[in-house]
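What follows is a set of notes on a single structure, which appears directly below.
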Amino acid sequence: MKNKNYSVVYRMIHWSIAICMILLLITIFLRLTWMNKNNVADIIQNYLNTTDQTLTQDQLIVLAKKIRQPMWDWHIYLGYALTGLFGLRFMLPFLGEMKFQNPFNKELIFKEKFQNLIYLVFYVCVVISLTTGLLIKFGSTAIKKSMEEIHVLSIYYLIAFIILHIGGVLWAEFTQHKGIISRIVSGTENTSGN
């Protein structure tokens, strides 16, 4: 398999999607840890214990949610950005950029089929995540709970894909595809030291 060169459009879409996904993961991580509504409510309660003020647990949770809302708004904005980027990503093959590779092409070796299949599964999972996110925001309240349950699973495939992707890139860089990292960053292979 020959080394692939990446166009400016390819690199811009790739890195924009990567940045959005990492920032989305950060908002999820914060929501599950330090910015968890119960943790924030406990911090407020601990402060109130030093004053003459009191709030019920329900009031503390409402206040905690209001404190973390701006951070969660960023999750929503990043979701909109990712939806736009993926819409663009799916249109680009029709314009001759970022072609999709068929994992079922009989001419490919096993490694290439596996790689392309991973990307196909990733794209399907992202579409499900984006669709459920949009349905949570704009859909009927009757389906909100079930969409949230599906949407929450996004963190698992996203972390798995990032690990596989980075691991695969590093493997390729240090074996048969030297320069893959410099090509996806700058568009050209770094030939210094060869």
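Derivation of every value follows stated rules applied to the coordinates shown; laboratory data play no part. All of these numbers come straight from a predicted model, not from anything done at the bench. FYI the Cβ positions are ideal-geometry reconstructions off the backbone, even for glycines, and counts take in every protein chain you see.
Points worth noting:
- To the nearest ten degrees, helix 8-32 and the longest principal axis of the Cα atoms of the chain are 30 degrees apart.
- Cβ-defined net charge surrounding residue 72, 11 Å radius [Lys, Arg +1; Asp, Glu -1]: +4
- Segment residue 4..residue 26, full-extension length gain: 4.8 nm, with 0.36 nm per residue of separation and the alpha-carbon distance subtracted.
- Computed lengthening from residue 67 to residue 155, 0.36 nm per intervening residue step minus Cα-Cα distance: 29.4 nm
- Shape call, region 83-156: gyration tensor on alpha carbons, a/c limit 1.5: oblate
- Listed by chain and number, the lysines placed with their C-alpha closer than 18 angstrom to that of residue 137 are 65, 66, 145; residues fewer than eight positions away on the same chain are left out.
- Value of Rg to Rh for the chain (Rh from inverse mean 1/r over Cα pairs, i.e. Kirkwood): 1.09
- Two-site label geometry, residue 102 and residue 14: point separation in nm, points 7 Å out along Cα→Cβ: 2.4 nm
- Estimated vicinal HN-Hα couplings, Hz - region 102-111 in sequence order (Karplus 6.51, -1.76, 1.60; Gly, Pro = x): 7, x, 9, 5, 5, 7, 7, 6, 3, 4
- Nearest-ten-degree value, helix 57-91 long axis tilted from longest Cα axis of the chain: 20 degrees
- With the helix formula -39500 (n - 2.57) applied to DSSP H stretches of n ≥ 4, the chain reaches a computed 222 nm mean residue ellipticity of -25000 deg cm²/dmol.
- Total charge dipole magnitude, the chain, about the Cα centre, Cβ charges on Lys, Arg, Asp, Glu only, Debye to nearest 20: 480 debye
- Stretchable slack from residue 43 to residue 109, in nm (0.36 nm times residue separation minus alpha-carbon distance): 18.2 nm
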